[in-house]
Amino acid sequence: MKGRAVYGRGATGARNKWRSAAPSDRCSGSAAIRAAAVLVSYEAYEGFLATRDEMSYPDWERRLKQAHREAKQGKGISLDAYLKRRAQR
């Protein structure tokens, strides 16, 4: 039955066209399913927002590659050094 969608009613009684036939195949037809809620830690959410912000720039891929190159060359600074320098401003 794997990979075959089952037409029927879900736990709520609503018609659920994309309910999976096999428990191991729950992602079948997932394009038609929307998550109602997602639980993540606050730190993960903040990280997502920061990533989304960075990716809003048209040249984000170039900037990311440049950051990777600089990190490999050892041009970065530690978080402690950055915070110390920022506190002096």
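The values are calculated or read from the model by the stated rules, or taken from the named source; none is laboratory data. Since we're looking at a predicted model, the values are computed, not measured. So basically every Cβ, Gly included, is an ideal-geometry build from the backbone, and we count neighbours across all protein chains shown.
Residue pairs whose Cβ atoms lie under 7 Å apart, separated by 6 or more positions or on different chains, with the first residue in segment 71-89 and surrounded by 10 or more Cβ atoms within 10 Å (Cβ to Cβ) and the second modelled with pLDDT of 90 or more, are 76/70.
The single condition from (1) touching a helix residue (DSSP H, G or I) at 6+ places or on another chain (Cβ under 6 Å); (2) at pLDDT 75 or above; (3) not hydroxyl-bearing (Ser, Thr, Tyr) that residue 2 fails is (2).
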